[in-house]
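Once you've had a glance at the structure underneath, I'll fire off some questions.
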Amino acid sequence: MIIEPATAADARAIGIVHVLAWHETYRGMMPDQVLASLNPSERETMWASVIAGSGGVYVLRDGTRVTGFGAAGRNRDASLPHAGMINTMYLLGEAQRRGHGRQMMGVLARHLLATGMPDAALWVANDNTGARQFYEKLGGAVVGHATELHEGWDMACTAYGWDDLTVLTHSLT
Ligand SMILES: CC(C)(COP(=O)(O)OP(=O)(O)OC[C@H]1O[C@@H](n2cnc3c(N)ncnc32)[C@H](O)[C@@H]1OP(=O)(O)O)[C@@H](O)C(=O)NCCC(=O)NCCS
C-alpha cells in the first residue's frame, strides 16, 4: 500500500470510494434515502475539479486499486481559527485498522505545513465514535461543536484541532 498525490486519472475511483465509504460509515447515522441518492459520477466530477484546482488530495493505493483517500486545504470555516482544514478522510473497511489512517493524517499534515499552514482542524459526526477515537489517539483536541441541519434530519458534529501539525508527521517514515 502506498499513499500518493491523486491525479486526474484517480477522480473516478475516488468518486466510487467516497460513496462506498459513506455507505459503510454513515448507515444508521443518516437516512437511507440520503445514502441511496449518492452518485459516484457526481462525486467524480467534484473530485476532478478539486484535483485540478486547489489539490491537496491523496489516495491510498493497493496495487492499482484506490482503497481510501484524504484531502486537506485552507480552512474556510470562520468558526475555527486554524489555518488548515482536513476536509476528507475515508478508507474502505478492508483498509482500516492497519495504520494507513495514521499515515494519511501524516501526509495531509505534511501537505498543509508545506503550503504554509502550521495548524488545522476537522469536523466529525458525534456518532462516528471510531473516527473520534482515532482523532483523539492522534492528539486532536476538541475545538468546536455544531449541528448540520438538513431537510428532515440533522447531524451533531465535533471539531478536533491540532495547534502544531508536526506532531502528525512523526508517523511518516
Ligand atoms: C477513521 C479512519 C480514518 C482511521 O484510519 P485507520 O487506518 O482505520 O486507523 P489506524 O489503523 O491508523 O489507527 C490508529 C489508531 O487510532 C485508533 N483507532 C482507529 N480506528 C479506531 C476505531 N474504529 N475505534 C477505536 N480506535 C480506533 C487506535 O488507537 C489505532 O491504533 P491501534 O490500531 O494500534 O489500536 C478509518 O478507519 C476510516 O476511514 N473510517 C471510516 C470513514 C470515517 O469515519 N472517516 C472519518 C470521517 S470524519
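No lab work stands behind these numbers, since they all come straight from the coordinates. Quick caveat, the model's predicted, so the values are computed rather than measured. Neighbour counts run over all protein chains shown; Cβ positions are idealised from the backbone, glycine included.
Report the extension gain between His23 and Ile2 in nm, rounded to one decimal, defined as 0.36 nm multiplied by the number of residues separating them, less their alpha carbon distance.
Full extension of this stretch gives 5.2 nm more.
Check each of the chymotrypsin sites (Phe, Trp or Tyr not before Pro) in the stretch 124-165 and keep only those in coil by DSSP with at most 13 other C-beta atoms within 10 angstrom; list them in order.
Details: sites: Phe134, Tyr135, Trp153, Tyr160, Trp162; in loops: none.
Of the chymotrypsin sites (Phe, Trp or Tyr not before Pro), not one in the loops of the stretch 124-165 has a Cβ with at most 13 other Cβ atoms within 10 Å.
Would you mind classifying the stretch 7-86 by shape? Square roots of the alpha carbon gyration tensor eigenvalues, ordered a ≥ b ≥ c; an a/c under 1.5 is rounded, otherwise it is prolate if a/b is larger than b/c and oblate if not.
In terms of gyration-tensor shape, oblate.
Indicate the gyration tensor shape class of the stretch 47-131 (rounded, prolate or oblate), computed on the Cα atoms with a ≥ b ≥ c the square roots of the eigenvalues: a/c under 1.5 is rounded; otherwise a/b larger than b/c is prolate and the rest oblate.
Oblate, since a/c reaches 1.5 and b/c is not below a/b.
List the GluC sites (Glu not before Pro) within the stretch 71-171 that DSSP assigns to loop and that have no more than 15 neighbouring Cβ atoms inside 10 Å.
Glu151
Let me ask something else. Please give the net charge around Met104, taking every other residue with its beta carbon less than 12 angstrom from that of Met104, where Lys and Arg add +1 and Asp and Glu add -1. Please list the in-between numbers first.
Values: positive: Arg61, Arg98, Arg102, Arg110; negative: Glu4.
Cβ neighbours under 12 Å give a net charge of +3.
Quick check on the chain: take the gyration tensor over C-alpha atoms, sort the square-rooted eigenvalues as a ≥ b ≥ c, and tell me if it's rounded (a/c under 1.5), prolate or oblate. Mind showing how you got there, number by number?
Values: a/c = 1.40, a/b = 1.06, b/c = 1.32.
Since a/c stays below 1.5, the shape of the chain is classed as rounded.
Go ahead and estimate [θ] at 222 nm for the chain from helices alone: -39,500 (n - 2.57) per DSSP H run with n ≥ 4, summed, over the residue count, rounded to 500.
-10500 deg cm²/dmol
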